[in-house]
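The values are calculated or read from the model by the stated rules, or taken from the named source; none is laboratory data. Since the model is a prediction, treat every value here as computed from it, not as a measurement. Quick reminder, even Gly has a Cβ in these numbers, built from the backbone with ideal geometry, and neighbours come from all protein chains shown. Areas reflect the complete protein model, heavy atoms only, side chains present, ligands, DNA and RNA absent. Shrake-Rupley method; radii C 1.70, N 1.55, O 1.52, S 1.80 Å.
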Amino acid sequence: MIKGALVGFCLFLQFSVVAQDSIPRFETGTALHLHPIDFWHTFEFQAHLKKVSPLFSVGYGINRSLFQRRFFPHLGVEVPFKLISTSKFNLGVGPSVNVYFLRLNRAGKSMHFWHEYMLGYRISYGKRWKFTHGSAAGFRMERFQSELTNQAVSHSSFSYQIHLGVSYALD
Amino acid sequence: MRWINLIFICTILVACRKKETFPTVQLLGHAGMGLSQQNAVYVDNSLESIELALSLTGSNGVEIDVQFSKDGTAWLFHDFKLDERTNSSGCIAEKTDEELSKIHYKTLKKEKLIRLSEILPYTSESHIIILDLKGFNACTNSYLSNLESIENELVNFKNKCKSTAIFCVTPNYDWMIQFKLIEIPFFFETDELSSALAAIENQPIEGIVVRNSKFDREEIAQIQATEKKVVIFEVRSPKGIRSALRKLPDYLITDDLRATIIEKY
């Protein structure tokens, strides 16, 4: 089901890109996210197409990476569909997928993986320099190999995130 | 773009710095994966929470809250009353096993209340199980007096459990000394060093359970010098976890098991 959704998402994105008749605009930025697992700091790259503004982010968990000195990377893709789009204000709603992973125990072999599927909104305000805000809710899957039972363990739970950031329009 | 790369590289470097380890401290999940923790996944004292805590590499066991039903069976539940967090009301001690088996938590996943015996399949020889005995009945405002029944229930659990390290905890000294069967070692919970040392002198207890904020390293060492063990609890934030680990207790009961495993290893 997840593979089907990902294929559908890629096809839709491709279709959206092919259907554009205007030159896309790009933005880069950074944001801080409030999240149950950690506070995330992400670096983002967004393309503004006709109907959607896909965003790719890479980041790290602040608590784990900086205060606990265990690098906790985060990768994300968001596809907000434009509801309001003016020269200064943008509002979009859409799905996002996030993946992060962490080795809890350096003495062990097991890596913990999380993948997250959420729906939310994204707002940006400004012309060249923009203030961004968004939030999303959905569910999160955690998966790891138990070294005690030698079996894969997976759990799902409700997840959410709220973020604030700044971005810069590159053109 | 250069400054973004620089920040990223600096983060990785900071994250990969060598850090101290604490090989002698054993980690236990508080009521499973933690009490009132956002990232605990399941509610405290549920079977799912305990199973997850025991399956994490680096976790040495769990501390769970034990109360006794009207039928004398041991059930796992933290609060004095059922009202706030479940679809029922009253106290565990006032309910029969049949009534308790229908109760669930008011959470998204509606985890059920479980008997102590239900965790038996998830324990192993390497696990430590600490049973926090909640002997106070808030509905009658008194401590449970059917001690023989309680002891039989606990010894029955101990005989069936694969874990060889099972301990009981209580903060009520007068109630603790009434237990005649000493097959299961007791820890005494206290906030004062003088009370801890007095309990050690007067009772054959295994050790002392203390809050992280109430005892420093010297006081813990003083207790350990009497050849008794020390358990620290009430540990949540990474800063709190680090301070608790540095006190070198024998056991650390943590509300954030994942963060504690990261700190220890």
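Structure summary
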{"item": "Whole-Hz ³J(HN,Hα) from phi, Karplus 6.51 cos²θ - 1.76 cosθ + 1.60, for the range B:102-113, glycine and proline x", "result": "9, 8, 9, 6, 8, 10, 4, 8, 6, 4, 8, 5"}
{"item": "Net +/- balance of residues flanking B:Lys214 in space, Cβ distance below 10 Å, scoring K and R +1, D and E -1", "result": "-4"}
{"item": "Efficiency of FRET between B:Asn87 and A:Leu164 - r from beta-carbon atoms, R0 45 angstrom, step 0.05", "result": "0.75"}
{"item": "Full-extension gain in nm, B:Thr24 to B:Lys162, via 0.36 nm per residue minus C-alpha separation", "result": "47.4 nm"}
{"item": "Cβ neighbours within 10 Å from other chains - mean over A:63-73", "result": "6"}
{"item": "Residue-averaged [θ]222 nm for chain B, counting only DSSP H segments that reach four residues, each worth -39500 (n - 2.57)", "result": "-8500 deg cm²/dmol"}
{"item": "Farthest positive-ward along the range B:106-202 dipole, Cα basis, beta-carbon charges - from B:Leu144, B:Leu197, B:Tyr122", "result": "B:Tyr122"}
{"item": "Heavy atoms of A:Ser157: accessible area, 1.4 Å probe, square angstrom to 10", "result": "20 Å²"}
{"item": "Relative contact order (%) - criterion: Cα under 8 Å, at least six apart; region: chain A", "result": "19 percent"}
{"item": "Per-peptide average of other Cβ atoms within 10 Å, ordering A:40-46, B:52-58 highest first", "result": "B:52-58, A:40-46"}
{"item": "Number of partner chain Cβ atoms within 10 Å, mean per residue of A:32-40", "result": "1"}
{"item": "Shape call, chain A: gyration tensor on alpha carbons, a/c limit 1.5", "result": "prolate"}
{"item": "Test item: A:156-165 mean partner chain Cβ contacts at 10 Å", "result": "2"}
{"item": "Solvent exposure, largest accessible area first (probe 1.4 Å, DNA, RNA and ligands not counted), of A:Ser57, B:Ser36, B:Ser101", "result": "B:Ser36, B:Ser101, A:Ser57"}
{"item": "Within straight-line cross-link reach of B:Lys247, lysines at Cα separation under 24 Å, skipping those fewer than 8 residues along the same chain", "result": "B:Lys18, B:Lys19, B:Lys214, B:Lys228, B:Lys229, B:Lys239, B:Lys264"}
{"item": "Those residues of the range A:78-111 whose amide nitrogen sits under 15 Å from the label point placed on A:Tyr121, 7 Å along Cα→Cβ", "result": "A:80-86, A:89-95"}
{"item": "Stokes-Einstein D (µm²/s) once Rh is taken as the Kirkwood radius of the protein assembly as shown over alpha-carbon pairs, at 4 °C in 1.567 mPa s", "result": "54 µm²/s"}
{"item": "Under the Karplus curve 6.51 cos²θ - 1.76 cosθ + 1.60, θ = phi - 60°, whole-Hz ³J(HN,Hα) for the range A:53-65, x wherever Gly or Pro sits", "result": "10, x, 10, 10, 9, 9, x, 8, x, 5, 4, 5, 6"}
{"item": "Antiparallel bridge percentage (DSSP; both residues within the protein assembly as shown; nearest 5)", "result": "75 percent"}
{"item": "Within chain A, helix-based [θ] at 222 nm, where runs of 4 or more DSSP H residues each add -39,500 (n - 2.57), nearest 500", "result": "-3500 deg cm²/dmol"}
{"item": "Gyration tensor (alpha-carbon) shape descriptor, the range B:104-171, a/c threshold 1.5", "result": "oblate"}
{"item": "Exposure rank, largest accessible area first [A:Ser154, B:Ser145, B:Ser195; 1.4 Å]", "result": "B:Ser145, A:Ser154, B:Ser195"}
{"item": "Local net charge near B:Thr170, Cβ-Cβ under 9 Å (Lys/Arg +1, Asp/Glu -1)", "result": "-1"}
{"item": "GluC sites (Glu not before Pro) restricted to the range B:35-124 and DSSP loop, no more than 11 other C-beta within 10 Å", "result": "B:Glu84"}
{"item": "Whole-Hz ³J(HN,Hα) from phi, Karplus 6.51 cos²θ - 1.76 cosθ + 1.60, for the range B:25-33, glycine and proline x", "result": "8, 9, 9, 10, x, 6, 6, x, 8"}
{"item": "Sequence-distant residues sharing a close amide H with B:Ile114 (under 5 Å, placed H)", "result": "B:Leu76"}
{"item": "Listed peptides A:140-147, A:104-111, B:125-132 by packing density, highest first (mean Cβ within 10 Å)", "result": "B:125-132, A:140-147, A:104-111"}
